[in-house]
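Beneath this line is the structure, given in structure tokens, with notes to follow.
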Amino acid sequence: MKLTNILIPTKVAEAGMLMREMFEECTSKNVPGLPFRDAKGKIIGRVSLRHTFKLGCLPDYMVEMAFVLGDNLNCMDDAEAKAHAVMCSTVDRYMRREYHAIDSDSPVMRALAIMEKLDTSYLFVIDNGVYKGTVTTQGIARRMLDVENNRETG
């Protein structure tokens with residue numbers, strides 16, 4: 001299995017991009033985040049759904065108390081307003097400088113090992129500074145099923 005058969009091409013986030021567009025791309029491509037490209041065309045970070053939820057939707061105290069929270073959260077009555085505010089903001093606020101990448105020539109097992117080591121479910125595939133797509137654990141699982149199904153029918 002090669003990463004080139006598994007990677008998912010996506011848009012790249014850039015300064016000024018609305019979070020709504022980022023959410024649309026992530027959900028339509030089933031990826032947890034997008035790489036962030038600066039004005040010079042270099043990938044300098046990432047914007048992820050998880051980090052966005054943490055910054056834009058969840059107060060720190062809720063995360064700290066997650067296991068003791070009840071089902072009736074009156075303090076979150078404004079959840080739709082918060083969601084609207086996030087969607088109307090730009091990706092710039094949510095960009096993280098830390099990101100993880102791998103070359104498209106790398107073996108799938110190396111990608112899985114790196115994801116496991118970093119406790120992440122995705123990596124960006126970047127060759128010589130050029131973003132090619134994203135590889136995810138879901139994408140690898142899908143490809144494994146395809147290979148197995150082809151073996152049974154072929």
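Taking amide H positions as modeled 1.01 Å from N, with prolines and chain starts lacking one, the residues under 5 Å from T134 and 5 or more places away or on another chain are I8, T10, V125.
Heavy atoms of the protein chains alone define the surface here; on that basis segment 100-154 has 63 Å² accessible area per residue at 1.4 Å probe size.
These residues, E152, E98, go from largest to smallest accessible area, 1.4 Å probe, as E152, E98.
Rounded to 0.05, the FRET efficiency of the L118 and R151 pair, given R0 = 35 Å and the Cβ-Cβ distance, is 0.70.
The values are calculated or read from the model by the stated rules, or taken from the named source; none is laboratory data. What you see is a predicted model; the values in this text were computed from it and never measured. All Cβ positions, glycine included, derive from the backbone under ideal geometry; neighbour counts span all protein chains shown. SASA here: full protein model, heavy atoms, side chains in, ligands and nucleic acids out. Shrake-Rupley method; radii C 1.70, N 1.55, O 1.52, S 1.80 Å.
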